[in-house]
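Trainee: One structure is given below, represented as structure tokens, and several questions about it will come after.
The values are calculated or read from the model by the stated rules, or taken from the named source; none is laboratory data. Here the structure is a predicted model, which is why all the values come from computation and not from measurement. A quick note on method: Cβ atoms are made from the backbone with ideal geometry, for glycine too, and the neighbour counts reach across all protein chains shown.
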Amino acid sequence: ASYDMGGHDTYMHKEIHEQADAVDRVLRGRIDDRFSTVHLGGLNLDAREARRIRRVKILGCGTSYHAGMIGAQMIEELARIPADAEPASEFRYRNAVVDPDTLYVAVSQSGETYDVLAAVQELKRKGARVLGVVNVVGSAIAREADGGIYVHAGPEVCVVSTKCFTNTCVAFALLALHLGRVRDLSVRDGKRIIEGLRRLPEQISEIMEQEEEVKKLAEQFAEARSMLFIGRVRGYPVAREASLKLKEVSYIHAEAYPASELKHGPLALIEPALPTVAIVPDDDLLEKNRAAMEEIKARSGRILAVAHQEQAKADHTIVVPKNEDELDPILMGIPLQLLAYHTALTLGRDIDKPRNLAKSVTVE
Ligand code: AGP
């Protein structure tokens, strides 16, 4: 593809900077203020059917799987439907029990990822209802699904997904709000989430203003051979995605772990040469996250926190704007896209086309 780079040196940089506009697009025309809900025209799921759903299973690969992890948490929190995400590539080989009361959701930027498509086909063969959360209009997965949500991120050229991840998370927030409002989510909470969604584009622009600062941090971290990313509950999928971004584009080894699991093993790795990136939202787990940072500091680990306020235990904090608790994961990974980008730039990597990777994996 050859779209205009619009003054950016790489598509990745361009696409990171397009996110405020992209989020605006996924929201456009979908918010219903009268009922504090959203209209998702392509869902093909009426209220009666939506109320009968007993579980939600989200399937995707790579970054789309991580967006699905965030989506599952939003659905569980806002709609109180048990939900989880699984790599489509695993799901299709384990002869999973396909349940008629489960809503299956296939997530894919390209809409062509073979493992996801094959999972959708297998599910449909067994009579399941499958929705797609897809970026490319008219793609194979979009066509195969019973309905779904287009994420409207616009063309994403860089192999490393950034804006599509963010938009997919927003699309899941819309789905969670919709499922919540046909069930037990109150008007008041519906309004609260809508207001939060409306704040996102502006808050993304605020994050972009910190690029110079993130760039300086990246220059320091580029020396690391390996990095640890930690978070809990809402912060954990953010850590997973940030670690994938860093690996893909900089080739620095990175591992993501729930902060709650540190003491069950990974603490043994902590030393000055292994920097930790901690996702520290200002929610009811703040104190727990602070305690985890303290454990790392006590073992001379270096910490970069992504948080809603300066963290005394961290060596550096990237402060991101606070949104509603449920929507925080959408914003917290964005400065870490910039971190991955500038780390790769410092190391002279082939940013838009990392070695060994393809934009969409259309084969087994
Ligand atoms: C994203 O940075 C990756 N290159 C990769 O993990 C990607 O998300 C995965 O292959 C799934 O692609 P899809 O969203 O087009 O299905």
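Trainee: Tell me which helices (runs of 4 or more DSSP H) are completely within region 3-91 and hold 2 or more residues being of a type outside the set (Ser, Thr, Tyr) and surrounded by fewer than 20 Cβ atoms within 10 Å (Cβ to Cβ), or say none if there are none.
Mentor: The qualifying helices (runs of 4 or more DSSP H) are 19-27, 47-52, 62-79.
Condition check ((1) of a type outside the set (D, E, K, R); (2) near the ligand (Cβ under 8 Å from one of its atoms); (3) modelled with pLDDT of 95 or more; (4) within 23 Å of Leu244 (Cα to Cα)) across all residues:
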residue: Ala106; (1), (2), (3), (4): yes, no, yes, yes
residue: Gln109; (1), (2), (3), (4): yes, yes, yes, yes
residue: Leu117; (1), (2), (3), (4): yes, no, yes, yes
residue: Ala128; (1), (2), (3), (4): yes, no, yes, no
residue: Ala140; (1), (2), (3), (4): yes, no, yes, no
residue: Ile149; (1), (2), (3), (4): yes, no, yes, no
residue: Gly154; (1), (2), (3), (4): yes, no, yes, yes
residue: Val159; (1), (2), (3), (4): yes, yes, no, yes
residue: Val170; (1), (2), (3), (4): yes, no, yes, yes
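Trainee: Then there's this: Regarding region 222-232, can at least one residue be identified that is buried (at least 23 other Cβ atoms within 10 Å of the Cβ) and in a helix (DSSP H, G or I)?
Mentor: no
Trainee: Residues being within 16 Å of the ligand (Cβ to nearest atom) and not hydroxyl-bearing (Ser, Thr, Tyr): count how many of those fall in region 50-71.
Mentor: Result for region 50-71: 11.
Trainee: Could you list, in sequence order, all residues of region 312-345 that are more than 16 Å from the ligand (Cβ to nearest atom) and either on the phi > 0 side of the Ramachandran plot or of a type in the set (Val, Ile, Thr) (or both)?
Mentor: Result: Thr317, Ile318, Val319, Val320, Ile330.
Trainee: Does at least one position in region 325-333 carry a residue that is of a type outside the set (Asp, Glu) and surrounded by fewer than 17 Cβ atoms within 10 Å (Cβ to Cβ)?
Mentor: no
Trainee: Just to verify a result, which residue in region 1-18, among those that are acidic (Asp, Glu) and touching a residue at least 24 places away in the same chain (Cβ under 8 Å), is farthest from Gln337 (Cα to Cα)?
Mentor: Within region 1-18, the match that is farthest from Gln337 (Cα to Cα) is Glu18.
Trainee: Something else about it: Please tell me if Asn135 is at pLDDT 95 or above, within 18 Å of Glu15 (Cβ to Cβ) and near the ligand (Cβ under 9 Å from one of its atoms).
Mentor: So Asn135 fits the description; yes.
Trainee: So which residues in region 237-261 are in contact (Cβ under 8 Å) with a residue 60 or more places away in the chain and under 12 Å from Ile279 (Cα atoms), if there are any at all?
Mentor: Result: Pro237, Val238, Arg240, Glu241, Ala242.
Trainee: If I filter region 19-48 down to residues being acidic (Asp, Glu) and touching a residue at least 12 places away in the same chain (Cβ under 8 Å), which single residue comes out as farthest from Arg199 (Cα to Cα)?
Mentor: Asp33
Trainee: Give the residue, chosen from Leu217, Leu185, Leu197, that is within 24 Å of Glu294 (Cβ to Cβ) and out of contact with any Pro (no Cβ under 6 Å at 6 or more places or on another chain).
Mentor: The match here is Leu217.
Trainee: Could you grab me the full set of residues in region 259-305 that are part of a strand (DSSP E or B) and either farther than 21 Å from Ala222 by Cα or in contact with a Gly (Cβ under 8 Å, 6 or more places away or on another chain) (or both)?
Mentor: Within region 259-305, Thr276, Ala278, Ile279, Val280 qualify.
Trainee: When region 237-258 is examined, which residues are found to be assigned to a helix (DSSP H, G or I) and within 14 Å of the ligand (Cβ to nearest atom)?
Mentor: Scanning region 237-258 gives Pro237, Arg240, Glu241, Ala242, Ser243, Leu244, Lys245, Leu246, Lys247, Glu248, Val249, Ser250.
Trainee: Looking at region 346-364, I want the residues that are within 12 Å of the ligand (Cβ to nearest atom) and of a type in the set (Gly, Ala, Ser) and have a partner that is part of a loop (DSSP other than H, G, I, E, B) and modelled with pLDDT of 90 or more with Cβ atoms under 6 Å, at least 6 apart or on another chain. Which pairs are those?
Mentor: Taking only residues 6 or more apart or on different chains, the pairs are Ser360/Ser110; Ser360/Glu112; Ser360/Thr113.
Trainee: Continuing with this model, one more query. When you go through Arg198, Arg188, Arg183, Arg143 one by one, which is the residue that is touching a helix residue (DSSP H, G or I) at 6+ places or on another chain (Cβ under 6 Å), charged (D, E, K, R) and either part of a helix (DSSP H, G or I) or farther than 19 Å from Gln19 by Cβ (or both)?
Mentor: The unique qualifying residue is Arg183.
Trainee: Return the only residue of Arg198, Arg181 being in contact with a Gly (Cβ under 7 Å, 6 or more places away or on another chain) and over 27 Å from Gly62 (Cα atoms).
Mentor: The conditions single out Arg181.
Trainee: Could I ask something else about it? What's the number of the condition Tyr104 fails, among (1) under 22 Å from the mean Cα position of the chain (by Cα); (2) aromatic (Phe, Trp, Tyr); (3) surrounded by fewer than 22 Cβ atoms within 10 Å (Cβ to Cβ)?
Mentor: Tallying (1) under 22 Å from the mean Cα position of the chain (by Cα); (2) aromatic (Phe, Trp, Tyr); (3) surrounded by fewer than 22 Cβ atoms within 10 Å (Cβ to Cβ), Tyr104 fails exactly one: (3).
Trainee: Something else about it: Check Asp99 against each of (1) within 13 Å of the ligand (Cβ to nearest atom); (2) part of a loop (DSSP other than H, G, I, E, B) and name the one condition it does not meet.
Mentor: Every condition holds for Asp99 apart from (1).
Trainee: Let me confirm something: among Ala305, Ala298, which residue is surrounded by 20 or more Cβ atoms within 10 Å (Cβ to Cβ), among the small types (Gly, Ala, Ser) and either under 22 Å from the mean Cα position of the chain (by Cα) or at pLDDT below 95 (or both)?
Mentor: Ala305
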